[in-house]
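Report on one structure; see the data block that follows.
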Amino acid sequence: MSNPSSDMTTRAPRFQSHSWLTALQRYVFARTLLEAKLYPPLTREVLFRVYRPDDFGACLTIYRKNEPGRFPESQRSKFEEYLANEEKTLIVAECDSMVVGYGGINLLGQSAATLCYGILEPEFQKQRIGSTLTLLRIALLPTRRCGAFVLIFAVDASMRIYQRFGFVEKGLWKAEDGKDYPIGFLHVPVDSLGRVKSTLAKRRLRIQGEVVLRSTENLSCEVKEGPPGHFRIQVQPRVEPPPPPKIDHKEP
Ligand SMILES: CC(C)(COP(=O)(O)OP(=O)(O)OC[C@H]1O[C@@H](n2cnc3c(N)ncnc32)[C@H](O)[C@@H]1OP(=O)(O)O)[C@@H](O)C(=O)NCCC(=O)NCCS
């Protein structure tokens with residue numbers, strides 16, 4: 001991945017099939033495609049909280065409902081492993097005490113993260129819950145001068161949805177089935193991140209429970225600043241430093 005720059009975040013276009021109010025709010029308040037996803041706001045009561053082990057069954061059922069034609073079959077066992085055993089930051093959306101969706105986030109570095117497993121119960125899709133889950137996860141990232149850099153290891157069907165959030169396709173990842181899938185990339189400039197955070201806070205949209213951001217085990221990311229507004233992002237496999245040498249020392 002080379003030279004993604006902040007000019008990828010374009011002003012939100014005047015909009016498609018939304019109400020005139022949403023189109024107006026986006027035009028007036030949103031400076032990036034990501035911020036546009038703050039409008040229209042959620043209209044139903046949704047509780048966002050940290051995943052608990054007893055959510056396993058509900059999360060897997062939602063995954064399986066969305067799986068056909070979308071996720072490679074080989075990924076299901078990885079997801080089960082992720083749910084059951086991995087240390088993770090997974091945010092669950094609940095309506096009327098029922099888990100209706102979820103989304104994970106892994107840190108890649110101080111200003112960079114990957115989003116994973118953003119999935120909604122089919123009946124609850126297209127009701128702004130997925131947008132809110134995405135915005136809440138991105139809002140967990142610290143406010144730093146360079147903003148935030150977000151990657152999604154997407155599948156073909158979801159890439160076009162994330163493009164609406166401003167993600168651009170940057171390279172491919174290979175799943176266990178040997179096929180290549182798109183990697184989505186988004187730079188959130190610092191002022192945009194600030195507006196997302198403050199709008200969520202004004203709407204009292206927060207994640208209940210103690211959110212602990214964790215790093216991916218296998219990837220790391222380095223952000224280097226170039227000319228104003230340009231950044232070089234280098235994502236690479238994490239290499240564990242060799243263990244320190246053992247020194248046996250005995251006082252004479
Ligand atoms: C992707 C997903 C999480 C989005 O959540 P959602 O609650 O349905 O989405 P929202 O209502 O917040 O809408 C977000 C944007 O995506 C668009 N969108 C949602 N579902 C869409 C679909 N099936 N096709 C095209 N666009 C879609 C919406 O129109 C909206 O864009 P807009 O604001 O420009 O109109 C959800 O649809 C889902 O679970 N999809 C199946 C699983 C999947 O592919 N997950 C991604 C894994 S990487």
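I need Cys221, Cys146 ordered by Cβ neighbour count within 10 Å, fewest first.
Numbers: Cys221 22, Cys146 18.
Ordered from fewest to most neighbouring Cβ atoms within 10 Å, Cys221, Cys146 come out as Cys146, Cys221.
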Could you work out the longest stretch of the chain that avoids the GluC sites (Glu not before Pro) located in DSSP loops with at most 15 other Cβ atoms within 10 Å?
88-175
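With a cap of 10 neighbouring Cβ atoms within 10 Å, and only residues DSSP puts in a loop, list the trypsin sites (Lys or Arg not before Pro) found in segment 189-227. Present the calculation step by step, with values, prior to reporting the outcome.
On the way: sites: Arg195, Lys197, Lys202, Arg203, Arg204, Arg206, Arg214, Lys224; in loops: Arg203, Arg204, Arg206, Arg214.
Taking segment 189-227 and a limit of 10 other Cβ atoms within 10 Å, the loop trypsin sites (Lys or Arg not before Pro) found are Arg204.
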Distant-in-sequence amide H partners of Thr32 (H built 1.01 Å from N, under 5 Å)
Ala12
Tail fraction, Cα-Cα pairs, segment 14-204, threshold 27 Å, whole percent
27 percent
Output for segment 39-69: trypsin sites (Lys or Arg not before Pro) sitting in coil per DSSP, at most 13 other Cβ within 10 Å, listed by number, reads Arg44
Have a look at Leu83, Leu38, Pro72 and report the one farthest towards the positive end of the charge dipole of the chain, computed about the Cα centre with Cβ charges (Lys/Arg +1, Asp/Glu -1).
Leu38
Among Thr143, Thr216, which comes first, second and so on when ranked by fewest other beta-carbon atoms within 10 Å?
Thr143, Thr216
Using Cα-only point scatterers and the Debye equation, what is log10 of I(q)/I(0) for segment 168-252 at each q in 0.12, 0.19, 0.24 Å⁻¹, rounded to two decimals?
-0.71, -1.20, -1.26
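With a 10 Å Cβ neighbour count serving as the proxy for reagent exposure, in which order, fewest first, do Val28, Val92 appear?
Val28, Val92
Throughout, read-outs are computed from the coordinates displayed, never taken from laboratory work. Small disclaimer: the values here were computed from a predicted structure and weren't measured. A quick note on method: Cβ atoms are made from the backbone with ideal geometry, for glycine too, and the neighbour counts reach across all protein chains shown.
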